[in-house]
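Participant: Below is a structure I'd like to ask you about.
No value in this document is a laboratory result; all are computed from the given coordinates. What you are looking at is a predicted structure, and each value in this text was computed from that prediction instead of being measured. FYI the Cβ positions are ideal-geometry reconstructions off the backbone, even for glycines, and counts take in every protein chain you see.
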Amino acid sequence: MAQVKTIAVDLDDTLNDFSVKLQETCFAYDPSYAISKETFDSYIERLRGDAPDPSELLSTEYSYFSYKIHHLCYDLAVARPDGVKFMQWLRANQWRIVICTHRDLRRAYGSTKKWLEANGIPFDHLFMAANKLEFCWMWGIEYLVDDHSFYICNGSSYGVKVFYPTMFKHEKLPPNHATGFQTFDEVIPWIQS
């Protein structure tokens, strides 16, 4: 019996255009946010600049606002056609597909699953992971497709082969063992060997 091949694939900025939606969407102020218009504008600017929550608390006004805006972007994000085709190729070739995300799936599981299904993206498991390399190492997953610089630079330390969609933010990466790609079609021969 052949061993099941497993791959972990990120969602945001890998299979979709999340950051484009975050940068380009005109978010309307609504008093239901329970913050002033000035605070709303300040938080939007911080989110677009990828500023972390300065508080050490697990839940703050800013973290809740961040979740609400990110959730809007999750729903607005457009799937990459080549990514959808790649995921369907994985399914047709009997790969076990793990969607591995930083999204807070305690809050966004239903909408994330609905988005994946609406875009024809097959998967076997949907997990939130704080460190995807540790997750892959623990699950024995050899391949990870992800745009995050930490995974690109550190995948080989965990025995994980990382492939990433090349973007402007990757221009100044330090030397690493990950492989960048322009289209998902490039990844297929790399994982067949």
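Participant: Hey, if you put +1 on the Cβ of every Lys and Arg and -1 on every Asp and Glu Cβ in the chain, which of Gly49, Ala178, Ser149 ends up farthest toward the positive end of that dipole?
Facilitator: The residue sitting farthest along the positive end of the dipole is Ala178.
Participant: A follow-up question, please. Are any of the pairs Lys37/Lys68; Lys5/Lys161; Lys114/Lys172; Lys37/Lys169; Lys85/Lys113 more than 24 Å apart by Cα-Cα distance, and if so, which?
Facilitator: In this structure, Lys114/Lys172; Lys37/Lys169 lie more than 24 Å apart at Cα.
Participant: Rg and Dmax of region 60-120, using alpha carbons, in Å: what are they?
Facilitator: Gyration radius and largest Cα-Cα distance of region 60-120: 13.7, 45 Å.
Participant: Please arrange Ser36, Ser63 by counting, for each residue, the other beta carbons lying within 10 Å of its beta carbon, fewest first.
Facilitator: Final ranking by Cβ density, sparse to dense: Ser36, Ser63.
Participant: If you don't mind, another one. Viscosity 1.306 mPa s, temperature 10 °C: what is the translational diffusion coefficient of the chain from Stokes-Einstein with a Kirkwood Rh over Cα pairs, rounded to a whole number of µm²/s?
Facilitator: Using the Kirkwood radius from Cα pairs, D works out to 89 µm²/s.
Participant: In addition: What share of the DSSP beta bridges in the chain is antiparallel, in percent to the nearest 5?
Facilitator: Expressed as a percentage, antiparallel bridges in the chain total about 5.
Participant: Arrange Phe181, Phe150 by Cβ neighbour counts within 10 Å, fewest through most, would you?
Facilitator: Phe150, Phe181
Participant: Something else: How charged is the neighbourhood of Met128? Take every other residue with its Cβ under 9 Å from the Cβ of Met128, and add Lys/Arg as +1 and Asp/Glu as -1.
Facilitator: +1
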